[in-house]
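Working notes for the structure below.
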Amino acid sequence: MIDYQRLYPVFRVVQKFQQHIEIPCISFKRLPGIVVALQANAYMRKKRPHRSLTKNCNGFTLIEIIAVLVILSILGAITVPRVVALDTFATQKSFEWAINELNGRECISWSKIKTSDSNWLGDEQLFAEMDTDLGAEYIWSSKTAEGATLHFRGQQIGLERIPSTYLKSGTWRMK
């Protein structure tokens, strides 16, 4: 029985010899000491786990990076259309808020005129007294007592105004 643990130094010498010197004409199996060293090599590989050439390998493998890129591209494909739809939805809700705000201001102006000492003179008086400033992002174009065009963040909407009467305040709505 061969004591492989005693042959470990011989195995290391043969391993160094194989790594640094290439002798193409000699077959290592024909040399008797080398045969024992090769058997020791097989035994030691069973006993000790194989270590890589670089002991501290930090980082990611190519497969891991590709997997992360695939996952990110799938998430991007799902979320980008939702973000675009969310922006459109927010702009639409902003126009709805503006119409509700205008209707509220119209009602307040109508109530002030009706409860004041001055008499009801007509819709023109109410439209002249009504505050239509909705903020810096809202831009009016062609504003009249019959309607207007309202711009918000690059989008526009046509508004129609139903005039006020003696019994009811006017209302704004989309065309």
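The values are calculated or read from the model by the stated rules, or taken from the named source; none is laboratory data. What you are looking at is a predicted structure, and each value in this text was computed from that prediction instead of being measured. Neighbour counts run over all protein chains shown; Cβ positions are idealised from the backbone, glycine included.
A few remarks follow.
- Flag if residue 135 is of a type in the set (Gly, Ala, Ser), in contact with a Gly (Cβ under 9 Å, 6 or more places away or on another chain) and either over 16 Å from residue 106 (Cβ atoms) or in contact (Cβ under 8 Å) with a residue 40 or more places away in the chain (or both): no
- Residue list for segment 130-145, restricted to those being surrounded by 12 or more Cβ atoms within 10 Å (Cβ to Cβ) and either modelled with pLDDT of 90 or more or in contact with a helix residue (DSSP H, G or I) (Cβ under 8 Å, 6 or more places away or on another chain) (or both): 130, 132, 134, 138, 139, 140, 145
- Hey, residue 159 of a type in the set (A, V, I, L, M, F, W, C), in contact with a strand residue (DSSP E or B) (Cβ under 9 Å, 6 or more places away or on another chain) and touching a residue at least 60 places away in the same chain (Cβ under 8 Å) or not: yes
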